[in-house]
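Enquirer: Before I ask anything, here is the structure I am working with.
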Amino acid sequence: MRHHAAVATIGSLWGVFCAFANGWPIATTLAQMAVPWMWVAAFVGFRFARDGRRAAVAGAVVLLWANLAYFGFSSIGQLVNSGATLGGVRFFVLWSIVGLIVGPVAGLLGWSASLNPPYMLGIAALPTASVAEPLALWKHIDHTDAHIAFVIVASIGLTLPFLIRSGVKTSLIGVSMSILLAYPLAVVFEVVLIALGQISAPLRLV
């Protein structure tokens, strides 16, 4: 029960932070990027799950709570300012569906990194995504604050293998794999983001 409460609390706090971060330099970009949300789902899988099934469920649940908190606060703001919340409801449904897909994957990755020995996929996947998303967005968002946020995300991502105490050699292998795989994944990220309507510029990585 404590783990369930912790997952709900973490998701809600992240969603509230992202809602309040809108309009802040750098923080706005961090809150709107996909990878930090994946970190949250991976963390609960790493910290609270005893097996892969629980990790997948925890990853999905934490993102649902985060979405609920984020869009709840956003809708309240829209209601106060303009009386319109329909757009927020549509985006809540869209990103909840995305969270039900991404959350379990990230939760499993976090859990796999907690094993002894950890799975290499669990060590390398999140750092790869942490570099790939900034690569995919860099040319589309030509703003200094956003670029600073991209560097922060990539830098944090590349330190994750060392934070889970997987051993220096294993961590270095994971980081090396991440750097090699980041560009191909960036192409995938860009295609997905365009499909979701998040960026409208033509593909520049393909």
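Enquirer: For region 21-29, indicate whether the set of residues that are closer than 21 Å to V131 by Cβ, out of contact with any Ser or Thr (no Cβ under 8 Å at 6 or more places or on another chain) and outside any helix (DSSP H, G or I) is non-empty.
Expert: yes
Enquirer: Take I101 and decide whether it is assigned by TED's automatic domain parsing to the domain that holds V61, modelled with pLDDT under 95, surrounded by fewer than 22 Cβ atoms within 10 Å (Cβ to Cβ) and out of contact with any helix residue (DSSP H, G or I) (no Cβ under 7 Å at 6 or more places or on another chain).
Expert: yes
Enquirer: Would you call T159 surrounded by fewer than 15 Cβ atoms within 10 Å (Cβ to Cβ) and over 23 Å from V7 (Cβ atoms)?
Expert: Numbers: surrounded by fewer than 15 Cβ atoms within 10 Å (Cβ to Cβ): yes; over 23 Å from V7 (Cβ atoms): yes.
Yes, satisfied.
Enquirer: Does region 174-187 include one or more residues that are outside any helix (DSSP H, G or I), of a type outside the set (F, W, Y) and either closer than 13 Å to A132 by Cα or not assigned by TED's automatic domain parsing to the domain that holds W37 (or both)? Talk me through it step by step, then tell me what you get.
Expert: Let us first name the residues in region 174-187 that are outside any helix (DSSP H, G or I), namely none.
The answer is no; no qualifying residue exists.
Enquirer: Continuing with this model, one more query. All but one of (1) more than 16 Å from the chain's Cα centre (by Cα); (2) under 21 Å from I10 (Cα atoms) hold for G103; which doesn't?
Expert: Here G103 clears every test but (1).
Enquirer: Do we have V40 as at pLDDT 90 or above and over 21 Å from E133 (Cα atoms) here? Give the derivation first.
Expert: Numbers: at pLDDT 90 or above: yes; over 21 Å from E133 (Cα atoms): no.
No.
Enquirer: Follow-up. State yes or no: is A124 touching a Leu at 6+ places or on another chain (Cβ under 7 Å) and not assigned by TED's automatic domain parsing to the domain that holds R54?
Expert: no
Enquirer: Looking only at region 110-124, filter to residues that are free of Cβ contacts under 8 Å to residues at least 24 places away in the same chain and closer than 18 Å to V35 by Cβ; which one of those is surrounded by the most Cβ atoms within 10 Å (Cβ to Cβ)?
Expert: Checked region 110-124; the qualifying residue surrounded by the most Cβ atoms within 10 Å (Cβ to Cβ) is G122.
Enquirer: Go through region 1-29 and give me each residue that's surrounded by 21 or more Cβ atoms within 10 Å (Cβ to Cβ) and either in contact with a Cys (Cβ under 7 Å, 6 or more places away or on another chain) or more than 30 Å from P117 (Cβ to Cβ) (or both).
Expert: Those that are surrounded by 21 or more Cβ atoms within 10 Å (Cβ to Cβ) and either in contact with a Cys (Cβ under 7 Å, 6 or more places away or on another chain) or more than 30 Å from P117 (Cβ to Cβ) (or both): G15, C18, T29.
Enquirer: Further, regarding this structure: Go through (1) more than 15 Å from the chain's Cα centre (by Cα); (2) assigned to a helix (DSSP H, G or I); (3) farther than 17 Å from W138 by Cα and name the single condition L158 misses.
Expert: (1)
The values are calculated or read from the model by the stated rules, or taken from the named source; none is laboratory data. Quantities reported herein were computed from a predicted structural model and do not represent experimental measurements. Backbone-built Cβ (ideal geometry, glycine too); neighbour counts: all protein chains shown.
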